[in-house]
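Readers should treat all values here as calculations from the given coordinates under stated rules, not as data from a laboratory. What you see is a predicted model, and the numbers here were worked out from it, not measured in a lab. With ideal geometry, Cβ positions are generated from the backbone for all residues, glycine too; neighbour counts draw on all protein chains shown.
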Amino acid sequence: MRSFHRFALLLALALPAIPGLAQSSSSSSTPAQDSSQTSAPDASQTQPSQSSQAQQSATQLQQATSVQERIRQRREQRRTTAIHDAYDHRWETYADMGYLRFVPGPQQQRLTWYSWESGLTRFSSERLGYTLDARGYFGHAYVGLNTLSQGYFTRPEISMYDVLAGPIYRFYVQPKYAISGRVMAGGAYGNFEGDTNGQKNLCYYPSGSTTEVCSLYPDAFTFGASVSVIGEWNLTPSVSFKLAPEYFFTGFGSTTQASRGFTAGAIYRFGKQ
C-alpha cells in the first residue's frame, strides 16, 4: 500500500509538467521547418541566375561571331571588287622582250635569240580571251669553218618573224597577281641566208663525200606554235608586268624545232566589259 501511495504521488507531481514539455518540443520543431522553408527559395533563386549567365554568354558569343562574319564578308567584298576592277577589261595590249634557245641548222648547236613581241588580246570574260601576237627574233649562228665560206662566215646573222593567234585563260586570279595559260599557232618566216653573201644556207660537199652538208636551214615559211604560262603582277588595275616561260615550235628544214625561252614586259588594259 505504501508503494502504491508513492507511485500515485509521483504521478500527481508529473502531470502538470507534461504540457510544458510538449510545448517545448513543438517550438523546437517549428524553427527547423521554418529554416528549411527559408532555405528552399535560395536554391530556386540560384537556378535562374545561372540560366541568365548562360544566356548572356551565348549572346556575347553570337555577337562576336556575327562581328567576325561581317569582317570576313567585307574583306571578301573588297577582294571581289579589286579582282573585278583589274580583270574586267575588254582589251589588253602588251610589249615584251624575249629570249629563245634555237637550233639554226641540221647539225648546229643552239644559239641565243633575242626578240621583241607585241600583241592585242580581246577578253570575252574576266578569264577567257583571244590573242593576236607578232614577234621577231635576232641572233648570230656559229657555223664554224667550211669549204664555201673559207672562214669568212663563221657567225652569220639570222632572224625569224612570226604571227600567231590563240586563246588565253586566267586559271588563277588574285587582286595583285594572276596566272594564265596561253596556246597560239600561226606562221613563221626564217631569214637564214641574208648575211651569207649569196652563198645561201652554206651547203657544201665535204672532201671525199657525195652527201651535201648545209650549215643553216634555207629561208622558208613554216608553221609556228607557242605554249606558255603567264604570270602577271598588277601595278594598278590597268597596268601590270608579266613573265611568260614558253615552248616555241617551228618546222624549218622539214624537221621540228622545240625551243625553250621566255618573254617579259608590260601590259596595259583598257575598255570595261
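Results, tabulated for the structure shown:
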item: Other-chain or far-sequence residues with amide H under 5 Å of Arg155's (modelled H); result: Val143
item: Efficiency of FRET between Phe241 and Ser207 - r from beta-carbon atoms, R0 45 angstrom, step 0.05; result: 0.25
item: Lys200 versus Ser52: modelled label distance in nm, points set 7 Å from Cα along the beta carbon direction; result: 10.6 nm
item: Peptide ranges 131-142, 251-262 listed from the most packed, as the mean C-beta count within 10 angstrom indicates; result: 131-142, 251-262
item: Environment charge of Arg135, counting only residues whose C-beta is closer than 15 Å and scoring Lys/Arg +1, Asp/Glu -1; result: -3
item: Packing-based ranking, highest mean first, of 218-224, 124-130 given that Cβ atoms within 10 Å are counted; result: 218-224, 124-130
item: Note, ³J(HN,Hα) from phi for region 61-75, Karplus 6.51, -1.76, 1.60, rounded to Hz, x at Gly and Pro; result: 5, 5, 5, 4, 5, 5, 5, 4, 5, 5, 4, 4, 5, 5, 4
item: More than 31 angstrom apart: percent of Cα pairs within region 90-272; result: 27 percent
